[in-house]
Amino acid sequence: MANQAEVTKLVSRLKIPILAKHRRLRNPEGPQGRVKKIRAIVTALFKYERIEVYHYDGDEARGYAERLISDAIRHGDTHKETMEMADYWIEEKNLVHKLFKVLVPRFQNTSSSYTRMLNAPIPHATPEDSHPHFRSVIELRGNPFPPLIQSAVDNRLLIQNVLLEEAKKEYRAAKYAEIAQDLESRANEKSDASSETREDTAEDESQPK
Amino acid sequence: MLPKAHLVFSKLKINLLKIENTLACTLGFQQHPPLDFNIAQVQNKSFPEPKTLTKLSLKELFDTSILWAAPKGRKTLEKRQMNRYGFKDQVWKMLMPRTDLTVCNTCGYTHHKKTLCGNCYAKVKEETTKLQDKIVAALGLNPVDKEVVVLYKGEKENASDEFYKTHKVIEVEAERPPWFSKNLLQKTTQKPSDSTDVKPTELG
């Protein structure tokens, strides 16, 4: 056991969930077709930085893209095996330069995953995770395109919030009026009580001892 | 017994009325129905004559015709209801209200909870494909060694020469869409850091 290499050091630990068993991505060309499809998706992802593909294919290819970037960060462009892998999985060779010169500096200090995967909208059907024709959007983080999800949203003008705001104002106004009335009545009581005590003392004083 | 007697009496009454009517007509007390009610007949051969149906025997009927399958037994009520409405957790055929929809925070359109908003995504996708086409055309087949930055109209004045050297700038002549945040540019216009921290090895 002492001589056994640590598994975590042999293979990059990816920051995305990976299935225990690979998907077969059945197609007429067999396993070779599967590899071809994944290569095309990985290449397109590095080229366009944001693509829309079928969920199954995309989720399968995403792991390969993550592994390529992770290996490139770990070993650099002088490592023979990493370069061979990049050469195999990236079909357009100008993108191999992009992997080592653009994506490595971009991602070397990130703590999250390098890619992001979101479910594309389906207009009329019910999306089911198990459905093979369910589409997904995959993107490399830090791309120059408009964000898919707007993080800071100014939703003050949504009708629900306008109504809630008005209701809040009304409630506050009612509460303030109530408090003011309460204070006034208390003050009145106080003044009445003080006048009564004064009268009492006056009576006490008037009585002969 | 009562309804039967009633039927017999009504039949007798109708027959008596009929006899009375015919007697009145033949004896001349009452006229026949007027001639206007008769159908005018035209002597024309174009009318097809009604075919005389030949009666087939049961054996001939079975030999000459095709017999389709028909349900033999009665379906139980359970089975009929299952066919009509389905089963709740497997195949449910009734129309049910959707509970998996939500309202987009940005645009207010309704979309499925698990997916992106269709309205926002259509806008983003249109802009993205436009930019992607521009970037791919600009880069061509040359090796990509610089980070690509998109600058819209009126934004390149802010960028320095250093920025142009370290980035591949794609200029777009159109105005920046109001929903595409300008904050994305903040990171890239920063000066390169001068820290000398060494990256730890074997972290993956």
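With springs connecting C-alpha atoms under 10 Å apart, model chain A as a Gaussian network and identify which of A:Ala173, A:Ala86, A:Ala120 has the largest mean-square fluctuation.
Comparing A:Ala173, A:Ala86, A:Ala120 in a Gaussian network model of chain A, the most mobile one is A:Ala173.
When Cβ neighbours within 10 Å are restricted to other protein chains, what is their mean count per residue of peptide A:182-195? The partial results should precede the final answer.
Numbers: counts 0, 0, 0, 0, 0, 0, 0, 0, 0, 0, 0, 0, 0, 0.
The per-residue average across the peptide is 0.
Mind telling me which of A:Ala174, A:Ala20, A:Ala193 comes out most flexible in a GNM of chain A, alpha-carbon contacts under 10 Å?
A:Ala193
Grab the other residues whose beta carbon is less than 13 angstrom from that of A:Ile18, score K and R as +1, D and E as -1, and report the net. Walk me through the numbers before you get to the answer.
Values: positive: A:Arg13, A:Lys15, A:Lys21, A:Arg23, A:Arg62, A:Arg67; negative: A:Asp59, A:Glu60, A:Glu66.
Once all neighbours under 13 Å are counted, the net charge is +3.
Can you pull the percent of the stretch B:118-185's accessible area that's carbon plus sulfur, 1.4 Å probe, other chains left in place? Write down the numbers at each step before the final one.
Working: 2120 of 4140 Å².
Heavy-atom surface of the stretch B:118-185 belonging to carbon and sulfur, 1.4 Å probe: 51 percent.
Provide the solvent-accessible area of B:Lys153, counting protein heavy atoms only and rolling a 1.4 Å probe, rounded to the nearest 10 Å².
Here the residue's solvent-accessible area equals roughly 120 Å².
How much of A:Thr110 can a 1.4 Å solvent probe reach, expressed as accessible area in Å² and rounded to 10?
Estimated to the nearest 10 Å², A:Thr110 gives 50 Å².
Can you work out the accessible area per residue across chain A, with the rest of the protein chains kept in place, probe 1.4 Å, in square angstrom? Write down the numbers at each step before the final one.
Working: 14060 Å² over 209 residues.
With all protein chains present, chain A gives 67 Å² per residue.
Given the options A:Arg26, A:Arg39, A:Arg116, state which has the largest fluctuation in a GNM of chain A using a 10 Å cut-off (strictly under) for Cα springs.
Among A:Arg26, A:Arg39, A:Arg116, the largest mean-square fluctuation in the Gaussian network model of chain A belongs to A:Arg26.
Go through B:132-144, B:58-70 and give me the packing order, highest mean Cβ count within 10 Å leading. The partial results should precede the final answer.
On the way: B:132-144: 13.5, B:58-70: 7.6.
Highest-to-lowest ranking by the protection proxy: B:132-144, B:58-70.
For B:Phe9, B:Phe87, A:Phe134, what's the largest-to-smallest order of accessible area, 1.4 Å probe? Could you put the intermediate results ahead of the total?
Details: B:Phe9 145, B:Phe87 100, A:Phe134 5 Å².
I get B:Phe9, B:Phe87, A:Phe134, largest accessible area first.
Please work out the ratio of the alpha-carbon Rg of the stretch A:1-135 to 2.2 N^0.38 Å and round it to two decimals.
On the way: Rg = 16.2 Å, N = 135, 2.2 N^0.38 = 14.2 Å.
So the Cα radius of gyration is 1.14 times the expected 2.2 N^0.38 Å.
Could you grab the relative contact order for the stretch A:1-120? Cα pairs under 8 Å, six or more apart, rounded to a whole percent.
Working: 86 pairs, mean separation 35.3, N = 120.
Averaging sequence separation for qualifying contacts and normalising by length gives 29 percent for the stretch A:1-120.
Ignoring ligands, DNA and RNA, how do A:Arg23, B:Arg74, A:Arg67 rank by accessible area with a 1.4 Å probe, largest first?
Values: A:Arg23 45, B:Arg74 185, A:Arg67 95 Å².
The ranking, largest first, comes out as B:Arg74, A:Arg67, A:Arg23.
What does the charge count near A:Met85 come to, summing +1 for each Lys or Arg and -1 for each Asp or Glu among other residues with Cβ under 14 Å from its Cβ? Provide the component values of the computation, followed by the final result.
Values: positive: A:Arg39, A:Arg67, A:Arg74, A:Lys80, A:Lys93; negative: A:Glu66, A:Asp71, A:Asp77, A:Glu81, A:Glu84, A:Asp87, A:Glu91.
Neighbour charge sum, excluding A:Met85 itself: -2.
Of A:Met83, B:Met82, which has the most accessible area and how do the rest follow, probe 1.4 Å? Could you put the intermediate results ahead of the total?
Details: A:Met83 65, B:Met82 90 Å².
Highest to lowest solvent-accessible surface, that is B:Met82, A:Met83.
As an exercise, use a Förster radius of 60 Å and the Cβ-Cβ distance of A:Met117 and B:Trp68 to find the FRET efficiency, rounded to the nearest 0.05.
Details: r = 54 Å, r/R0 = 0.90.
E(calc), rounded to 0.05, equals 0.65.
Report the relative contact order of chain A, percent, no decimals, based on alpha-carbon pairs under 8 angstrom and at least 6 residues apart.
Working: 157 pairs, mean separation 44.2, N = 209.
It comes to 21 percent, rounded to a whole number.
Within straight cross-link reach of A:Lys9, meaning Cα distance under 16 Å, which aspartates and glutamates are found once same-chain residues fewer than 8 apart are removed?
Those aspartates and glutamates meeting the cut-off are A:Asp71, A:Glu81, B:Glu202.
Scanning chain A for GluC sites (Glu not before Pro) in DSSP loops with at most 13 other Cβ atoms within 10 Å, what's the longest stretch left with none?
Values: sites that count: A:Glu6, A:Glu29, A:Glu92, A:Glu128.
Between exposed loop sites, the widest span is A:129-209.
Can you list the HN-Hα couplings for the stretch A:70-85, worked out from phi with the Karplus curve (6.51, -1.76, 1.60; θ = phi - 60°), rounded to whole Hz and with x for Gly and Pro?
Values per residue, Gly and Pro as x: 4, 5, 5, 5, 5, 9, x, 8, 9, 7, 5, 5, 4, 5, 5, 4 Hz.
Which residues of the stretch B:111-139 end up with at least 40 Å² less accessible area in the presence of all protein chains than when their chain stands alone, using a 1.4 Å probe?
B:Lys114, B:Thr115, B:Leu116, B:Tyr121, B:Val124, B:Thr128, B:Gln132, B:Val136
Where the centre of each part is set by its Cα atoms, how far does the stretch B:89-111 sit from the stretch A:52-70, in angstrom?
Using only Cα atoms, the two centres lie 29 Å from each other.
Using Cα pairs under 8 angstrom and six or more residues apart, how large is the relative contact order of the stretch B:65-157, in percent?
On the way: 34 pairs, mean separation 9.4, N = 93.
About 10 percent, as a whole number.
Which value, in square angstrom to the nearest 100, describes the accessible area buried between chains A and B on both sides, using a 1.4 angstrom probe?
Values: alone 15590 and 20130 Å², together 32560 Å².
Protein heavy atoms only, the A-B interface buries about 3200 Å².
Tell me the net charge near B:Arg84. Cut-off is 13 Å between Cβ atoms, B:Arg84 excluded, with +1 for each Lys or Arg and -1 for each Asp or Glu. Each step should come with its number before you reach the end.
Numbers: positive: B:Lys75, B:Lys79, B:Arg80, B:Lys93; negative: B:Glu78.
Combined, the nearby Lys, Arg, Asp and Glu give +3.
Using label points projected 7 Å from each Cα along Cα→Cβ, tell me how many nm separate B:Leu7 and B:Lys134, to one decimal.
9.3
Here is the link list: B:Lys130/B:Lys153; A:Lys93/B:Lys125; A:Lys101/B:Lys168; A:Lys21/A:Lys80; A:Lys93/B:Lys123; A:Lys37/A:Lys93. Which ones come out longer than 23 Å on Cα distance? Can you show the working numbers first?
Numbers: B:Lys130/B:Lys153 15 Å; A:Lys93/B:Lys125 27 Å; A:Lys101/B:Lys168 13 Å; A:Lys21/A:Lys80 27 Å; A:Lys93/B:Lys123 32 Å; A:Lys37/A:Lys93 17 Å.
Flagged as over cut-off: A:Lys93/B:Lys125; A:Lys21/A:Lys80; A:Lys93/B:Lys123.
Could you tell me what percent of the accessible area of chain A is made up of carbon and sulfur, with a 1.4 Å probe and every protein chain present? All intermediate terms of the calculation are to be shown ahead of the outcome.
Values: 7490 of 14060 Å².
The computed percentage sits at 53.
Run the simple label-point estimate for A:Asn27 and B:Val172 please: 7 Å along Cα→C-beta, distance reported in nm.
Taking the simple label geometry, A:Asn27 and B:Val172 are separated by 3.1 nm.
The values are calculated or read from the model by the stated rules, or taken from the named source; none is laboratory data. Since the model is a prediction, treat every value here as computed from it, not as a measurement. We place every Cβ from the backbone using ideal geometry, glycine too, and count neighbours over all the protein chains shown. Remember, those area values only see protein heavy atoms, side chains included, never the ligands or the DNA or RNA. Shrake-Rupley method; radii C 1.70, N 1.55, O 1.52, S 1.80 Å.
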